[in-house]
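Participant: Handing you a structure now.
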Amino acid sequence: MINKWGISLIKNKTIAVISAVLTFILGSVLLVSIIFYLFGYPLSSIPEHQLYVFFAILASAALASFVYGRGSKERASNAAKFLNESLGLELKEKDIWKVLRTVEQLPPPVINKYVSMNINVVEEFESQIENYKSQLTDEDLLKIKKIIEMPVPELQNLLEKLYLETNLEQFKILADPTAEPLLALNLQELKQVLFNE
């Protein structure tokens, strides 16, 4: 499948993971070989030129991350279908893909910390939310409003099902009853920022 940027997406998550690992390994070896060849260094001098090796590994990691991201297609497709059926909305797959990528970047221990400390996340990111709000259409805002006005237990039930669809631990943590105060606080804050309610 090709996305709107002309990038081929990997439908199967397992293939995406394997592809990313292979990209990292092969990319690291290839880049180190190219760098050492161009500068005329023998491979035996790797310990003396660790900075070049570090840059090669860094570039390979970035490339592997890109390859892995292409494999989120199937998960985003499943999540979009589930949310659209559950909420009666028309959420775009590419938007769900962005949300899932953002969620993936928040490690479960961080989410657990937010839950245990009942942190006002909206307050921390208010300026970014305001900037994002300016890019939203009225239709986008109505979709968001429908979600954030859900009763918290109903939202947590949705998050539990999203966890089953995506296997993202972050959704499981937020679906736990201990996360209810965190969700209630942040949903109220989000309503205030987005809708002045």
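Participant: 7 Å from Cα along Cα→Cβ at both Ala61 and Glu93: what's the point-to-point distance in nm?
Facilitator: 3.1
Participant: So for the pair Ile34, Lys133, with labels modelled 7 Å out along Cα→Cβ, what separation do we get in nm?
Facilitator: Distance between label points: 4.6 nm.
Participant: Remind me, what semi-axes does segment 93-197 give for its equivalent ellipsoid, largest first in whole Å, using sqrt of 5 times each Cα gyration tensor eigenvalue?
Facilitator: 21, 16, 14
Participant: Sticking with this structure for a sec: Would you mind checking segment 168-186 for residues with the amide N under 17 Å from a putative spin-label position 7 Å along Cα→C-beta of Glu123?
Facilitator: So the set is 181-186.
FYI, it's all coordinate maths here, none of it is from the lab. Nothing here was measured: the structure is a model prediction, and the numbers come from that model. As a convention, Cβ positions derive from the backbone with ideal geometry for all residues, glycine included, and neighbour counts pool all protein chains shown.
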